[in-house]
Each structure stands twice: as C-alpha cells, then as structure tokens.
Amino acid sequence: MRHLGKYLTGAAVVAAGAWAATSLAQTAAAPFTAAQAEAGRAAYAANCAGCHQANLAGSGEQPALAGAPFMAAWGRRSTKEFYDDIRAEMPYGKAGSLDAAIYQNITAFVMSANGAKPGTTAFDGTQSVQISAIATGQVPATIVNARTQPRSSRAIAIFRV
C-alpha cells in the first residue's frame, strides 16, 4: 500500500508539472480590455470579495476564483460559460441583480487574476474562449497578498439589506 501512495504522489507531481508547463506557455490575448479588468476589480470588491475573499482564494463552500483550484474547475470551460454562470448564480441570494456590464467586468477581472493578458476587444458576454487558452493560473502578487475580510465582516455583508 505504501508503494501505491508513492506512485500516486509521483503521478500528481508529474501531472502538476505538465499542467504548469502548458499553462505557462499560453499567449493568446484575452477577450477583455485592461479597463474592464480594472473596473472589474472594484466590482469584485463590492459584490464578490465578501464570500470569495479579496485574494480570490474562496472560503468554506465558496470556491476559489484564482490559481490552480480555479483552473482545475474552469480551465477547460469557456469565458462565456463562466460569465453565464456568475450572471445566473451570483451574488448569492441576489442572482442576476447586477448590470450586464458589471458581470462582464468581473469576468475580465477574474481572468486577469488568473494571468490572462488583456486584449483590445471588450468582453461583451458572448465571446467563448477556452479559459486555459488565455489564463495561466498564475495569480499576481497584488492579488495573492490582498487582505481577506474577517469572518464576522463577511456575515454582516451577507445579511445587509
């Protein structure tokens, strides 16, 4: 049984290395602008960070929106699928309550937070690009080091009317 554990650990390391090597090689321009990603940063802070954390690491049942966990869940899916999902499901308890432009900007910010480089075309919610083709999963230090909210602050934000 110990040999199986070593085998599985070795396989996981090889798989992680292969994923990192292919993800770092991504060069396609993303279907969003730098201005959208910056506007999305503020929209994310106001509408998403209370549950998903300022550093996009997630907490409890709220999934991470950056790095390896995000890429594992969304890398093979498209930008349109991600946009459609957050528009239909978020913010928690108020799904679909934000303007389309806000959801588009949040999508741009999340892609940027995963290493996608902005392009010249604004994301309008219809572009369907595989996320792993534009994002590396490499989270910028400015996001990794973002301060998370204490649990009590999140609870207050959720129950505010």
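The values are calculated or read from the model by the stated rules, or taken from the named source; none is laboratory data. No experiment lies behind these values; they were computed from the predicted model shown. Cβ sites come from the backbone with ideal geometry, for glycine too, and all protein chains shown count toward neighbours.
Across the range 103-161, the number of residues qualifying as surrounded by 18 or more Cβ atoms within 10 Å (Cβ to Cβ), modelled with pLDDT of 85 or more and assigned to a helix (DSSP H, G or I) comes to 14.
The residues of the range 85-102 that are surrounded by fewer than 17 Cβ atoms within 10 Å (Cβ to Cβ) and within 14 Å of the chain's Cα centre (by Cα) amount to a single one, D85.
Exactly one residue out of A68, A72, A43 is at pLDDT 95 or above, within 21 Å of L98 (Cβ to Cβ) and out of contact with any Pro (no Cβ under 8 Å at 6 or more places or on another chain): that is A43.
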